[in-house]
1. Using Stokes-Einstein with the Kirkwood hydrodynamic radius over Cα pairs, what translational diffusion coefficient do you get for the stretch 187-345 at 4 °C and a viscosity of 1.567 mPa s, in µm²/s rounded to a whole number?
2. Rolling a 1.4 angstrom probe over the protein heavy atoms, how many square angstrom per residue are accessible across the chain?
3. Out of every Cα-Cα pair in the stretch 186-270, what percent are more than 20 Å apart?
4. What does the charge dipole of the chain about its Cα centre add up to, to the nearest 20 debye, if the Cβ of each Lys and Arg holds +1 and the Cβ of each Asp and Glu holds -1?
5. Among rounded, prolate and oblate, which fits the stretch 415-495 when a ≥ b ≥ c are the square roots of the eigenvalues of its C-alpha gyration tensor, a/c under 1.5 means rounded, and a/b larger than b/c means prolate?
6. Using the Cα atoms as the points, what is the convex hull volume per residue of the stretch 338-495 in Å³?
7. Long-range amide H contacts for E174: which residues qualify at under 5 Å (H placed 1.01 Å from N, peptide plane, sequence gap of 5 or more or a different chain)?
8. Ignoring GluC sites (Glu not before Pro) that are buried or in helix or strand per DSSP, and keeping those with at most 12 other beta carbon atoms within 10 Å, what is the longest stretch of the chain between them?
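The values are calculated or read from the model by the stated rules, or taken from the named source; none is laboratory data. As the structure is a prediction and not an experimental result, all values here were calculated from the model. No Cβ is skipped: glycine too gets one built from the backbone with ideal geometry, and neighbour counts run over all protein chains shown. For the accessible areas, the whole protein counts, side chains as well, though only heavy atoms, and no ligand, DNA or RNA atoms are used. Shrake-Rupley method; radii C 1.70, N 1.55, O 1.52, S 1.80 Å.
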Amino acid sequence: MLRRSAVLTLLALSATAALASSGANATRVTVPDIVSVETYPFSAIVKWSVPDAGRIVLEVGLDDRFGIWSPTAVARGATTSRTTLAGLEPATTYRFRVVARWRNGMTAEARGSFRTDPWPGATAASAIPVAADATAASSSGSPFVLPPALPPGVTSPATPPVSGTVPSGTPLVESSAPLRVNGNAIFPRMVWRQCPTYYPTSIGAGINLFLGVSCTGTDEQFDRLAGRAMSTVDAATPAVSGPGQVGWHLADEADMSVGDATRLPHPTGAGRVTFLTLTDHFSQSAAPPTNGRDIYRGFFDSADVIGFDTYPVEGRCSLAQIDNVYWMQRELVALTGGKPTFQWIEAGPMEHCTANADPTPAVVRAETWLAIAGGARGIGYFPDWWAEDIRSEVRITNREILALAPALLSPVAKANWSAEGPVRIGARRFNGATYVVAVNTSQSEATASFSIPGLGGRSLRVFRDGRVVKPLGDLVADKLPGLGVAVYVLPPGGW
């Protein structure tokens, strides 16, 4: 809906003041001006003006960390212009700033905020696979990992997969496509068949997609989620529809519960996609299912958005298996031909491993970012009821995912690193900025070590706490605590 934002706040801030050469007088700082903001569900248009020539960029995020940059505009004199901030999520309050760098090298900024429009009732979802990466297909291993691709001496069934373990002829891709809603890339954060009683708590924790409903019918599901989130219905009832619906979900862990993809329903409809969850038995790192791994091609073909669960603590009964979260995600990306992929994160007890401790907030955070580093374009949390400390971590992590979503949904970027150590790496680039996700899979302190071509000694900022990391040329080395996570952010050149 075209409208001028009613919640625009202006906090014009001069960022730099230069002293006159005599040191006696301060030079007046010229600042940009925010004229207006037009909001839509998935974007906002900021109209701004500057009184002089300079380079202009907008930064946007959920708080003063911002995190996403617009393309840089060039003003050759006094200028009034507009910048579209895309990749936003409906019903979300954003903060932004207009930053100007004048010809004399000084910078100044003006800050504001806006709230995007609610989730639209009429939704059209799509999931168009990305093309296979011919470079990756011809390589003996990922072009983003320095050899050796396996930790030395590891020969257990849980060894990380390399491209040679993927069936011959499989088109290899390094990135999977994002889910799109009304043409806009969205990072789904999901729960499975939740009772509507818990919707407010889940929405408050950052859940934006509800796969099915429990405890009641779809009428209440649609009524209570209208304008607030997306949802799906059971693929066995394809005629059911309602506001915010993006498609259907198939049976949970269908490779085990159904066993044969030909027995699955195959609903079709314009603007609807099908979600499928599998177990981790598709992976070369897990035992094959009773029917053999040949069944998975049919399952991969039967849905548009494909996810899995592995649950190191609650399913495999060993936190030492957490590395599978990363490597299996990469394997799924390679096997599914560029379709959107996601992973379920264990967020509470499941009664499978009675002698084991339940997942902690640190485990939830590490698994979530391992999946994202491995290429996940969506995250689900299971089960859907959480202890208070887990809920707090889910909320914090989801806010970080939301703030950085346009970058996290971008294609994989070049980052060289070695799998000999316990730290796993995933990199993205968006509008000239670089984002590197690093996760320590061990319970002891370890060094995140990676290089980014062209980094050239520029400092990176850790998104969560603002810590600054200074590289040595293109090489970054930074200590992470046990199960530690860091999302390193490098601004576009010149900012």
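1. 79 µm²/s
2. Dividing the accessible area of the chain by its residue count gives 39 Å².
3. Here the long-distance tail beyond 20 Å is 34 percent of all Cα pairs in the stretch 186-270.
4. It comes to approximately 2220 debye.
5. prolate
6. 125 Å³
7. D133
8. With a cap of 12 other Cβ atoms within 10 Å, the longest stretch comes to 1-350.
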